[in-house]
Amino acid sequence: MDAFTRLIYTPMSLRLRAIESYNTQALQLQERQLKRVLRCLQATDYGRQHNTHTIKSQKDYARTLPIVSYDHIAPYTDRMLTGERNILVRGFCDRFAVSSGTSAGRSKRLPVNGLHLQACHFKGASDTLWLYLSTRPDSRFFATKGLTLGGSQKPVSLTNTISQGDLSSILIEKMPSLGNMIRVPSKKTLLMDEWNTKMEQIIREVAYANVGSLSGVPSWMLHLIKGVLQHTGREDLSEVWPQLEVFFHGGISFLPYREEYRRLISSPRMQYRETYNASEGFFGIQNDPSDSSMLLMLDYGIYYEFIPLAELDKEHPTAVPLEGVKKGITYALVISTLGGLYRYMIGDTVTFTSTHPYKIKIVGRTASYINAFGEELMVFNADAALTKVAHEFGVTVRDYTAAPLFLNEEGKGRHDWVIEFEQEPEDIEAFALHLHKQLRLENSDYDAKSYNNMTLLPLKIYVAPAGTFNAYLASEGKLGGQHKVPRLKNDRSLIDHLLKKIGN
């Protein structure tokens, strides 16, 4: 344990003890978070319109407020963007996180007020570190630099007092002084506008720094790592940064990238820890290196509810509070926060691996799945199958997306996949057949619909040239940062666009 870690040992221990209370006081903690949220809500125009002053219990809360998506709250955020006060949050909000678009094609602008920033996002960042250090007595974290990759560009000013940007850029801009002391590259570099130029500058700044930790989205961090290796003429990142010990990752599944990271970072000390930090809030942290699920963080000013997938398509779906969840069931996540979101369906789906303490895995998006033929294919199925087959064939996948194809004359269909490989399999048809078989093993509904080609025919793979997915993101103004291409879509809008671009 280094000198700085010893210095912060007491506050770290106190916080870890509070997190341990999740085991015995989870439901009480959630009741307290609902009261915190209600105090904020009842001081807002949104709260007054929904008569929230009458709410006395969790059941009252569920009866009084509707479950909503962004389209429902957009008129309120639009008013906040002009400087109106007490709309969704108490007082004034000066920062808005721009997130991916809605079904109507508009970008989401989510309030990030100071209270939510401190109670949730920054608290999540510090807890991630405390939980990591609690299992790494040999850590040299504070004796090294932490490489953070995020922030597409500097937040854009909308008025003299209001600005917007992706969440990572807001966190970088507002980062406490301790974070700035140990982080590379510089804030100025991280908030550069043009992504490719920024990556070149980052590589120059970090290649010869004493980097001990990484934080970012797996796909973009991998791109940076390869740039650093090329710049230094090395093949193993452990030779460039011998004290590198951990990668805190999130945003997309790490599974498809795991083997490539292990190939490029040979150090046996290297660990990988997942975090669940979205524009709407910080929700989960992997606290055990031997368990890939994440601890659901219960005291961040967030009240959780969960909609079973069977309820999702109903006009008025029923959501259960934390005490009603069961292991192994897929739920759509509903949150109420100090950041102005109330019974808000975030768009992610999770499953519980434990209820003592409550631990989750992200299994997909409510809008990122394929269920054209009753196969109910989720992203975690696709990630797991693709990872196994890629390993069997000795290849690495850079990126992918998939969608259904209806074959009306045959009364059947298949899934089309566009995959960008690091190196292409010698026999792409054999790869496709193995992937189809592996998906059948991963998903019983996919298997049933594929039996004797009854409904679902074997999938087809289109190989995308290097840079295809980055070019698509660039064309959408979403290159870099936390942006990513949807893995699965239940329609062909994205895949047809990509196929046209690659000449198929």
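Structural remarks
- Pairwise Cα distances in segment 369-503 exceed 17 Å in 58 percent of cases.
- Excluding exposed DSSP-loop GluC sites (Glu not before Pro) (at most 14 other C-beta within 10 Å), longest clean stretch of the chain: 85-193
- Pairs with C-alpha atoms separated by more than 18 Å, drawn from the list 437/484; 326/361; 154/198; 59/108, are 437/484; 59/108.
- Solvent-accessible area per residue for the chain (1.4 angstrom probe, square angstrom): 43 Å²
- Each 10 Å bin from zero up to the one holding the largest Cα-Cα distance in segment 392-451 carries the following percent of pairs: 19, 48, 29, 4.
- Relative intensity, log₁₀ I(q)/I(0), of segment 139-268 from a Debye sum that treats every alpha carbon as a point, q = 0.14 Å⁻¹: -0.62
- Whole-percent P(r), segment 446-504, all Cα pairs, 10 Å bins from 0: 18, 42, 25, 14, 1.
- Sorted from greatest to least, the principal axis extents spanned by the alpha carbons of segment 300-352 come out as 28, 25, 17 Å.
- Rounded to the nearest 10 square angstrom, residue 157 shows an accessible area of 90 square angstrom against a 1.4 Å probe.
- Leading residue at positive end of dipole, the chain (Cβ point charges), from 497, 38, 317: 38
- Residue-level accessible surface for residue 16, protein heavy atoms, 1.4 Å, Å²: 30 Å²
- Heavy-atom accessible area with a 1.4 Å probe sorts 67, 346, largest first, into 67, 346.
- Put simply, the C-alpha atoms of the chain give a gyration tensor, and the ellipsoid matching it has half-axes of 34, 31, 23 Å, longest first.
- Under a model in which nothing but the beta-carbon of Lys, Arg (+1) and Asp, Glu (-1) is charged, segment 139-268 shows a dipole of about 260 debye around its Cα centre.
- Reachable lysines from residue 56, criterion Cα separation under 24 angstrom, eight or more residues apart if same chain: 35
- Its Cα centre serving as origin, the chain has a Cβ charge dipole (Lys and Arg +1, Asp and Glu -1) of approximately 1680 debye.
- Taking every full run of DSSP H in the chain, the ones that stretch at least 18 Å from end to end by Cα along their long axis and average -0.5 or higher on the Kyte-Doolittle scale are 218-232, 379-393, 428-442.
The values are calculated or read from the model by the stated rules, or taken from the named source; none is laboratory data. Nothing here was measured: the structure is a model prediction, and the numbers come from that model. Cβ coordinates were reconstructed from backbone atoms using ideal geometry, including for glycine residues, and neighbour counts include every protein chain displayed. Remember, those area values only see protein heavy atoms, side chains included, never the ligands or the DNA or RNA. Shrake-Rupley method; radii C 1.70, N 1.55, O 1.52, S 1.80 Å.
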